[in-house]
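Enquirer: Next up is a structure, given as structure tokens.
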Amino acid sequence: MLKKIPPQPQLEIFKTVLTSFINPEHELCLLAKKIDWESLEKEFAPLYGTVGRPSIPIRTIVGLLLLKQMFNLGDETVVEKYLENPYWQHFCGEVYFQHRLPLIRVISSTSVTALVK
């Protein structure tokens, strides 16, 4: 089942919103604005089933693959750096700063490599 990132998510009082402390002129913020994420989502949506556990959002998967290629990183390294870098999280569609790996919620860490291949 396809999980989507809401365009206007309801803010939570005890979480840190990424846009409140990152520089909107950072290169990844600017690139994220130029990418047509909706078009990518429409292109990949037919590959997802309609029943079962919600998937990882397409923007997160595509964002991680783009970051992996742009910075010439391995699978495990890109996921580790994602956790440390608020700009990477914003680029991949997160609204709040994440302290845990996003993929752990859905799959085991040993399957991360298989996901991004």
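Enquirer: Counting just the residues of the stretch 46-69 that are loosely packed, with under 12 Cβ neighbours inside 10 Å and not hydroxyl-bearing (S, T, Y), which one comes out nearest to L2 (Cα to Cα)? Spell out the reasoning first.
Expert: To start, the set of residues in the stretch 46-69 that are loosely packed, with under 12 Cβ neighbours inside 10 Å comprises 46-47, 49-53, 69.
Still in the running and not hydroxyl-bearing (S, T, Y): 46-47, 49, 51-53, 69.
Working: P46: 9, L47: 9, G49: 7, V51: 9, G52: 9, R53: 9, Q69: 24 Å.
Looking at the filtered set, the residue picked out is G49.
Enquirer: Continuing with the same structure: Could you look through the stretch 70-117, keep only residues that are among the basic types (K, R) and modelled with pLDDT of 65 or more, and pick out the one that is surrounded by the fewest Cβ atoms within 10 Å (Cβ to Cβ)? Steps first, answer last, please.
Expert: Let us first name the residues in the stretch 70-117 that are among the basic types (K, R), namely 81, 100, 105, 117.
Imposing the further condition that a residue be modelled with pLDDT of 65 or more reduces the set to 81, 100.
Details: K81: 15, R100: 8.
The extreme case among them is R100.
The values are calculated or read from the model by the stated rules, or taken from the named source; none is laboratory data. It should be emphasised that the depicted structure is a prediction, and the values quoted were computed from it without experimental measurement. Methodologically, a virtual Cβ is constructed for each residue, glycine included, from the backbone with ideal geometry; neighbour enumeration extends over all protein chains shown.
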